[in-house]
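Report on one structure; see the data block that follows.
Read-outs throughout are calculated quantities, based only on the coordinates presented, and are distinct from any laboratory measurement. If you're wondering where the values come from, they're calculated on a predicted model, not measured in any experiment. Cβ coordinates were reconstructed from backbone atoms using ideal geometry, including for glycine residues, and neighbour counts include every protein chain displayed.
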Amino acid sequence: MAKLVNIFLRGGADGLSLFAPIADPAYHAARPTLAVGEGEGLDVGIDGFALHPKAVRLAELLRGGRAAILPAAGYEGQSRSHFQAQALLEAAVDSDGKPVSGSGWLGSRLAAAADSVPSPFRGVAVGTVSVPPSLWGTADALGVPDPSALRLGALRPKRRRAGGGGAGGGYTVVDSLLVPAGSRLVEEWSRADLLPEGAAVGVGAAVGVLDLMARSPIEVGDPSSFGSGESAAIFAAASELLGASVGTEVVQVDLGGWDTHTAQGTLDGQFAELVSSLDAGVGGLIDRHFDDADGLVVTVMTEFGRRVAENASGGTDHGRGCVAIVIGGGVAGGLRGDWPGLGDLDDGDIRAVNDLRVFQSEVAAAVFGAPIETTEASLGLFHG
């Protein structure tokens, strides 16, 4: 079975700046200050398009046929509300294509192949303290801001060295005399009368985490090969989980900051820094794990795109049609799906003609061997 890293760009990433239709005059007219100019973007061998100049590693993967990019992507009921859009995109769907409450598109896959004893490291979310909706519906998932800090105790942000002030990135555990040992938890909870089944499962999973950490501790080392800043530490944590002997099959990387309403920038500035961080993290993962025997699939998605026209604050507002990317050895590279152009918009947005649910279904089939659960036309993301 392949391993999956699902990168979620929280906030609604601007696909028209990441994957720019540089040959379309309507693009330049709608974005007089934000458009990527012809000759400024990276050529990826796709007529009429260029990748953002900070996406150097992604461009290499696209040119080499190891990545596929899906423009004009969306799904039924796509909203311009962050909360609603993320909830809809991350949820599992039933046979009628309707969201399933409390079950995520990745969590449902893990649950389908779960053992009777919880194995919480099968799905791990890094960059967050909670399990994101994508991984709901299984006991085999954790939200872990820093894997090396996994033990019983109170979690708090690390402090900078003297003179630095503020939080220093990452987390530390403050041990407490009131925190019981795992063996004591098992003993006392096994004697309790009328214990709720869900609580017992949760305690069993927690003790399993502690036992596994004792046998196979995860130490996140120097993150510099994944870029710099907070995102580099998140990607380094994801990499350590992939390489550790803890049974991890799915890692979700949550990256925030993509809600670029003001001062978005183009070749430099806010958006360029976000793309640079994403690109460095993906490049680091590919360098370390792409040739693993089990294989690696990396997906990049966001809850919605941005409106075509730039706003008066030098940014872009919530839209619909967005961009998704998949990387892997079996990927049918290049442009996938259809591009409707910018001549016929959906209330100022790119028409979302390519279904992100199909995207997720084809990824799940490649990673989990699951059947493709959609009647929509195939996007052909993978060979065979």
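Odds and ends about this structure:
- Column: log10 I(q)/I(0), Debye, Cα scatterers of region 245-359, q = 0.14 Å⁻¹: -0.74
- Order by protection proxy (mean Cβ within 10 Å, highest first), peptides 348-355, 136-143: 136-143, 348-355
- Phi to ³J(HN,Hα) by Karplus 6.51 cos²θ - 1.76 cosθ + 1.60 over region 273-279, Hz, x for Gly, Pro: 5, 4, 5, 4, 5, 4, 5
- The fewest-to-most ranking of 103, 224 by surrounding Cβ atoms within 10 Å reads 224, 103.
- Kirkwood hydrodynamic radius computed over region 1-158 comes to 18.6 Å, based on all pairs of distinct alpha carbons.
- Karplus-derived HN-Hα couplings along region 110-115 (A = 6.51, B = -1.76, C = 1.60, θ = phi - 60°), whole Hz, x at Gly and Pro: 5, 5, 5, 10, 7, 8
- Kirkwood Rh, angstrom, region 1-68 [1 / mean 1/r, Cα pairs]: 13.1
- Taking other Cβ atoms within 10 Å as a rough exposure proxy, 241, 4 sort from fewest to most as 241, 4.
- Relative contact order for region 274-379, counting Cα pairs under 8 Å that sit 6 or more residues apart, in percent: 20
- Cα-centred dipole magnitude for region 31-90, charges only on beta-carbon of K, R (+1) and D, E (-1), debye, nearest 20: 160
- For residue 124, distant residues with modelled amide H under 5 Å away: 142, 250, 251, 252
- Coupling constants for region 37-42 follow from the phi torsions by the Karplus curve (6.51 cos²θ - 1.76 cosθ + 1.60, θ = phi - 60°), and in residue order they are x, 4, x, 9, x, 9 Hz; glycine and proline get x.
- Under a 5 Å amide H cut-off, with hydrogens placed 1.01 Å from N, residue 7 pairs with 253, 299, 300, 301 among residues at least 5 apart or on other chains.
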